[in-house]
Structures are given as C-alpha cells and as structure tokens.
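The values are calculated or read from the model by the stated rules, or taken from the named source; none is laboratory data. Values in this document were obtained by computation on a predicted structure and should not be read as measured data. Heads up, the Cβs are rebuilt from the backbone with ideal geometry, glycines too, and the neighbour counts pull from every protein chain shown. Heavy atoms of the whole protein, side chains included, go into the accessibility calculation; ligands, DNA and RNA do not. Shrake-Rupley method; radii C 1.70, N 1.55, O 1.52, S 1.80 Å.
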Amino acid sequence: MAAPSSRGRPDQQPRPAQPQLQAQHQPSPPKPAEPHDRTRVEVRRSARRSRTVSAYREGDRTVVLIPARMSHAEEQRWVAQMLEKLAAQESRRIPGDDALEARARELSAAYLDGRAQPAQVRWVTNQNSRWGSCTPSERTIRLSHRLQGMPEYVLDYVLLHELAHLLVPDHGPGFWALLEAYPRTERARGYLEGVVSAARLPHIPGARSSDSEADPARSCG
C-alpha cells in the first residue's frame with residue numbers, strides 16, 4: 001500500500017515493479033483496442049525480442065513491449081490483448097471502499113496501536129497531484145485512483161500516511177516517527193518518487209518536507 005535510470009537504449013530501459021504479463025506471439029489475437037484505450041499507451045519495440053509481448057503500468061501510462069519486426073496491424077491487436085489482460089488482472093486485486101476501510105483499521109492496529117480510527121476510507125478520481133488526503137475533523141481518508149494496481153505495500157504506506165495524519169496533522173518529527181514503525185516506508189516512498197519522475201510531475205508526493213512545501217497529504221489539518 002520504490003526509480004530507475006532513464007539512460008541507455010529504449011530496449012534496455014529498466015522496468016518498474018508493476019504488473020507484467022507475458023504472452024507468446026501467435027496468430028489470431030483479439031480485436032483492436034478502442035480509441036480511448038490507446039490515449040495513454042506507449043509501445044516500445046525491441047530488436048532483442050523475437051516472440052514475446054509484455055505490458056506493465058508506468059504511472060498513468062501503459063507500456064507495451066513488442067518485437068521490432070512486428071507489423072503495425074499486429075501491434076494494434078497485441079496492444080488490445082495486453083490492455084484487456086492488465087485490466088482483468090487489476091480488477092481482481094483492486095479493493096473496494098469497504099475493503100480499503102477494513103485494511104486501514106488493520107494497519108492502524110498493527111502500526112499505530114489502533115489509535116487512528118477513520119470514519120470513512122474511499123477511492124476518488126479528482127486527486128491527480130497527490131496520492132491521498134484526509135480530513136482529521138471528519139476522520140475521512142481519500143485515496144487517488146492512480147494507486148490502483150500499484151503494489152500492496154505502496155497502498156499500505158499511503159493508507160498509513162493518511163492514518164498518521166488523523167493523529168498528527170502536520171509533517172513534523174512526530175508525524176514521521178509514526179511512519180517509522182512501518183518497515184517498507186522508504187521503499188514505498190522510493191517507488192512513488194519513481195512514478196512521479198517517470199510522469200515528470202512537478203512535485204514528489206510523500207517526500208519528507210517542511211509544511212511550506214507541496215505534499216500529497218497537505219489537505220490534512
């Protein structure tokens with residue numbers, strides 16, 4: 001609930017630890033993707049690939065890796081197939097609002113002595129410059145839909161970040177001391193920083209900073 005270098009040839013680019021799917025290059029793939037599915041798709045061709053096609057999420061984009069010799073028509077068909085498979089995989093493991101709230105209570109019990117008790121935890125689609133936010137006076141937590149499909153430890157970190165704000169509204173030493181109990185805090189923050197860098201966003205959500213700097217949970221307090 002972690003950021004590679006961008007140097008080197010396109011076919012040597014490191015892949016983030018996002019969901020990956022492998023498929024053998026065989027005839028009769030499914031129908032092409034709908035136009036709206038292609039708006040955030042980046043296709044990377046590699047001469048080192050001969051048969052396999054793979055895909056993964058990179059921030060708000062989907063990266064599809066295909067053999068360099070593949071025709072444009074084959075590319076379109078395989079992009080459609082990989083988008084469909086990724087969507088199916090993610091739909092099976094994205095928790096709903098009720099599951100989010102249950103997980104938040106589990107994390108509070110495990111790392112915050114059960115002191116942070118949210119009244120509501122839910123997904124929202126209007127947070128594109130922050131990963132999460134909370135309103136301590138109402139004990140509500142909102143998580144950006146952009147977290148959907150990310151590793152579980154990243155989602156857990158963002159939930160804990162917002163839970164900690166129910167106890168400490170600012171980003172002072174007391175706040176960060178609460179997050180030190182979670183063993184994957186630095187790894188999760190590194191992952192999110194990598195996503196931000198890849199998307200070339202102006203700020204790094206979740207970075208340790210003073211209250212005068214932008215932060216994804218700045219709405220708390």
Computed ³J(HN,Hα) along region 98-107: with the Karplus parameters 6.51/-1.76/1.60, θ = phi - 60°, integer Hz and x for glycine or proline, the list is 5, 5, 4, 5, 5, 5, 4, 5, 5, 5
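When Lys and Arg each count +1 and Asp and Glu each count -1, what net charge do the other residues less than 14 Å away from S108, Cβ to Cβ, add up to?
Taking every Cβ under 14 Å from that of S108, the sum is -1.
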Residue-normalised accessible area of region 118-172, given per residue in Å² at a 1.4 Å probe: 35 Å²
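How many times 2.2 N^0.38 Å is the alpha carbon radius of gyration of region 66-142? Provide the component values of the computation, followed by the final result.
Numbers: Rg = 19.4 Å, N = 77, 2.2 N^0.38 = 11.5 Å.
Computed over Cα atoms of region 66-142, the ratio equals 1.69.
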How many nm separate the modelled label positions at D113 and W176, each set 7 Å beyond the Cα in the direction of the Cβ? 2.2 nm
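In nm, what is the difference between 0.36 nm times the number of residues separating E193 and D98 and their Cα-Cα distance? Let's see the in-between values first.
Details: separation 95, 0.36 × 95 = 34.20 nm, distance 2.77 nm.
Gain on stretching E193 to D98: 31.4 nm.
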